[in-house]
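Beneath this line is the structure, given in structure tokens, with notes to follow.
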Amino acid sequence: MIIAPSILSADFGRLAEEVERVLAAGADWIHVDVMDGQFVPNITMGPLVVKALRQRFTCPLDVHLMVERPERYVDAFAAAGASTLTVHVEATPHVHRALQTIRQAGVRAGLALNPGTGIDSVRELADDIDMLLVMTVNPGFGGQRLIPSTLGKVSRARRLLNELGRSDVAIEVDGGITPATAGKAVLAGAQVLVAGSAVFGQSDYADAIRRIRSAGDFNGHI
Ligand code: DX5
Ligand code: ZN
């Protein structure tokens with residue numbers, strides 16, 4: 001299981017220190033939420049922040065692009081040092097081309113599905129992805145509650161990927177992941193857990209990560 005704290009809930013005035021602390025606390029990846037004020041109502045950060053993080057840290061940088069026509073920014077984020085670039089199927093008519101461009105840039109390619117989006121595109125794109133991000137809230141803001149129906153989608157997506165011979169594609173869940181929901185997400189078939197407020201909103205990051213990890217471990221092994 002991979003725990004990827006989202007810096008959306010970090011203190012931006014002390015970002016490097018926050019990332020250092022969360023890595024020391026046991027985070028596996030750092031999740032970077034990029035929002036453009038178009039695809040989602042919020043605006044956050046761009047390639048400059050990814051570049052600044054890459055200059056200081058060697059950890060995987062898991063970049064989640066919540067932007068319209070993300071193919072326009074693939075090269076900039078690849079050059080900045082992203083490890084994974086995830087694009088939303090709803091954000092472009094050319095999602096296949098976007099995924100191809102990501103891989104050509106030498107970066108792992110992720111496909112993201114909003115809560116209202118079905119898994120049909122996974123059948124078409126299974127060979128072009130390294131990760132599937134099933135949104136467990138509507139994207140745009142941290143601190144929301146997980147939408148229960150999205151866990152059924154995680155199970156169906158896991159089955160479909162396995163059926164298509166892509167059991168190696170990790171499923172990531174993002175939104176409302178806490179010690180109370182992490183177990184259900186892992187049981188449904190998720191391997192990568194993004195958590196923003198459940199980590200950065202706590203005073204003890206190591207304890208917060210440990211609680212999410214042990215909830216996931218327990219439920220994942222029933
Ligand atoms: C939502 C973002 C998430 C968000 C998760 O738009 O993609 O990564 O930061 O935050 P929590 O864990 O607080 O729901
Ligand atoms: Zn995210």
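Read the figures in this text as sums done on the coordinates, not as results from a lab. Predicted model, so just to flag it, every value in this text is computed and none were measured. Here Cβ is always computed from backbone atoms with ideal geometry, including for glycine, and neighbour counts include all displayed protein chains.
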Report task. Identify all residues within region 174-222 that are part of a strand (DSSP E or B) and either farther than 29 Å from GLU163 by Cβ or aliphatic (A, V, I, L, M) (or both); write none if there are none. Result -> VAL192, LEU193, VAL194, ALA195
Requested in this report: Collect the residues in region 144-198 that are among the acidic types (Asp, Glu) and within 15 Å of ligand 2 (Cβ to nearest atom), keeping them in residue-number order.
Outcome: GLU172, ASP174
Requested in this report: Would you mention how many residues in region 131-160 are farther than 23 Å from MET45 by Cβ and part of a loop (DSSP other than H, G, I, E, B)?
Outcome: 4
Report task. Looking only at region 32-52, decide whether some residue is more than 16 Å from ligand 1 (Cβ to nearest atom) and touching a Ser or Thr at 6+ places or on another chain (Cβ under 8 Å). Result -> no
Report summary line: Exception for PRO70 within (1) surrounded by 21 or more Cβ atoms within 10 Å (Cβ to Cβ); (2) of a type outside the set (A, V, I, L, M); (3) closer than 19 Å to VAL137 by Cβ falls at (3)
Report task. Give the residues of region 5-38 that are within 11 Å of ligand 2 (Cβ to nearest atom) and not hydrophobic (A, V, I, L, M, F, W, C), sorted by residue number. Result -> PRO5, SER6, SER9, HIS31, ASP33
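Pick out the one residue from ALA157, ALA195 that is buried (at least 20 other Cβ atoms within 10 Å of the Cβ), touching a Pro at 6+ places or on another chain (Cβ under 9 Å) and not hydroxyl-bearing (Ser, Thr, Tyr).
From the options ALA157, ALA195, the qualifying one is ALA195.
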Query raised in the report: What's the number of the condition THR44 fails, among (1) of a type in the set (Val, Ile, Thr); (2) more than 27 Å from GLY183 (Cβ to Cβ); (3) buried (at least 23 other Cβ atoms within 10 Å of the Cβ)?
Result: (3)
